[in-house]
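The values are calculated or read from the model by the stated rules, or taken from the named source; none is laboratory data. What you see is a predicted model, and the numbers here were worked out from it, not measured in a lab. Counting neighbours? That spans all protein chains shown, and the Cβs are built from the backbone with ideal geometry, glycine included.
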Amino acid sequence: MITTVLAFLLTLGVLIVVHEYGHYRVAVACGVKVLRFSVGFGRVLWRRQKDRESTEFVVCALPLGGYVRMLDEREGEVRPEERDQAFNRKPLWARAAIVSAGPLANLLLAVLLYAAAHVYGVVEPKAVLSTPAPASLLEAAGVKAGDWVRSVSADGEDWRDVASMTDLRWQITQAALSGEPLYLMLSDAQGHSQRRTRIDLSQLATREVDASTMKAIGLGPAYSEPVMGEVKIGGPAAAAGLRKGDRVLAIDALPVADAFSVRERIMKSVAKGSAAVQRWRIERDGQVLELPVQPRAVNEGGREFGRIDAFVGPPPEMVTVRQGPLEALALGAQRTWEVSALTLRMLGRMLIGEASIKNLSGPLTIADYAGQSVQQGLSYYLAFLALVSVSLGVLNLLPLPMLDGGHLMYYAFEGLTGRPVSDLWLARLQRGGIALLLMMMSVALFNDVARLLGLH
């Protein structure tokens, strides 16, 4: 809990400081006097100011945002000798640059964070596939358990190496959202017998990538051998005589190719509140044995499934993904662009009803993911921080009142017409923007609570 809170505060602190520093730095460069640089809202906890004429830096009690207050004749009286330093007196290009600097700072931060994660290196599962789900696109493409995805291509001509299972998931997600086919170059786990196949993602009935979409594609966890791990004393596995190290060959006369298949058979053993006895054929110390195994029935959240109280399958083979500085920067820029485009597509699809508003996340989900990523290691946290930074940058560039993009929309109108938006329309748009933001925040918070309660 403490780790989650600290990671959440660090995440917000870094993103807010970078965002507001973007505004602050460009404002100073354009000759605008900055009165206050605030991290957070509400009661001031810490204050620093060199002298009465310099910028006041503060940290406030509510760390859910920040602001840079600039000298502006619309917000108070300005001394005659300081009018040339007022924000409203600056030319249109300078005001637009100051406003856009915050979101652009977040996008630049994301590039650097993704690059740092690539340089530091991250340990991820090797892109070796488990058994595809029945009737899935991967099964139709002839993919089998143990196939290693070496590279992918959008057209079958230009191929891109796949670094890990995480990288593969990202490439499939991008192709699924675009509704485009994806070519896979496959080999066995040792890198022999290369062949290629094509998955037609245009067959998907949805453009929203979630767990059900991945199941329709057939992409499960990374390959793991069908070997028993630790067996809990007193559980169904122990009662059946299963031991750590047993290799599962078949269940109910149907061969199993990997640990994922074993787990799926166990989970599907329950019907109408009771679990059926399964006939397991296993190999132990060179001998083949047959054992009756009866999973116990579990009901969680209205969903029935079986358990045997034992670990099935060792951890998948892992690889360390690491890049040089220049290549890492290029990959960081590419990933920032891809995530930005993905974010905009998802927002657009939510707006027209093609994607569920359940995808909106708020501070509770961010805090939870921040804590999890910190526990997984520095690279995971850097990548998470980059993801949130991209989201913040893209969100702030949306043409919505109260956001930076809303101000840029006003400046675009001023540039096209030669006159600023009237005070009457500014007030109307501000009220509408506040209502829209409150609605989005309410939906995001509801989704957070629903996820914590297991309703989503």
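The table for this structure:
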| quantity | calculated |
| --- | --- |
| Condition check for Val111: touching a Phe, Trp or Tyr at 6+ places or on another chain (Cβ under 7 Å), farther than 30 Å from Lys268 by Cβ and buried (at least 19 other Cβ atoms within 10 Å of the Cβ) | no |
| Every residue from region 50-71 that is in contact (Cβ under 8 Å) with a residue 40 or more places away in the chain and not small (Gly, Ala, Ser) | Pro63, Leu64, Tyr67, Val68, Met70 |
| Selection from region 295-329 of residues that are under 28 Å from Ala127 (Cα atoms), among the basic types (Lys, Arg) and exposed (fewer than 14 other Cβ atoms within 10 Å of the Cβ) | none |
| Output for region 182-208, where each listed residue is at pLDDT 90 or above and not polar (S, T, N, Q) | Leu182, Tyr183, Leu184, Met185, Leu186, Arg195, Arg196, Arg198, Ile199 |
| Meets criteria (in contact with a Phe, Trp or Tyr (Cβ under 6 Å, 6 or more places away or on another chain) and farther than 24 Å from Pro295 by Cα) for Ala211 | no |
| Condition met for Glu82 (over 23 Å from Leu109 (Cα atoms), assigned to a helix (DSSP H, G or I) and not assigned by TED's automatic domain parsing to the domain that holds Leu378) | yes |
| Spans of strands (runs of 3 or more DSSP E) in region 221-303 with at least 1 residues at pLDDT below 90 | 296-300 |
| Odd one out for Ile282 among (1) closer than 26 Å to Val149 by Cα; (2) crowded, with 21+ Cβ neighbours inside 10 Å; (3) of a type in the set (A, V, I, L, M); (4) in the same structural domain as Arg303 (by TED's automatic domain parsing) | (1) |
| Single match in Val68, Val32, Val39 (criterion: touching a strand residue (DSSP E or B) at 6+ places or on another chain (Cβ under 6 Å), in a loop (DSSP other than H, G, I, E, B) and buried (at least 19 other Cβ atoms within 10 Å of the Cβ)) | Val32 |
| Residue match in region 194-215 (condition: surrounded by 19 or more Cβ atoms within 10 Å (Cβ to Cβ) and in a loop (DSSP other than H, G, I, E, B)) | yes |
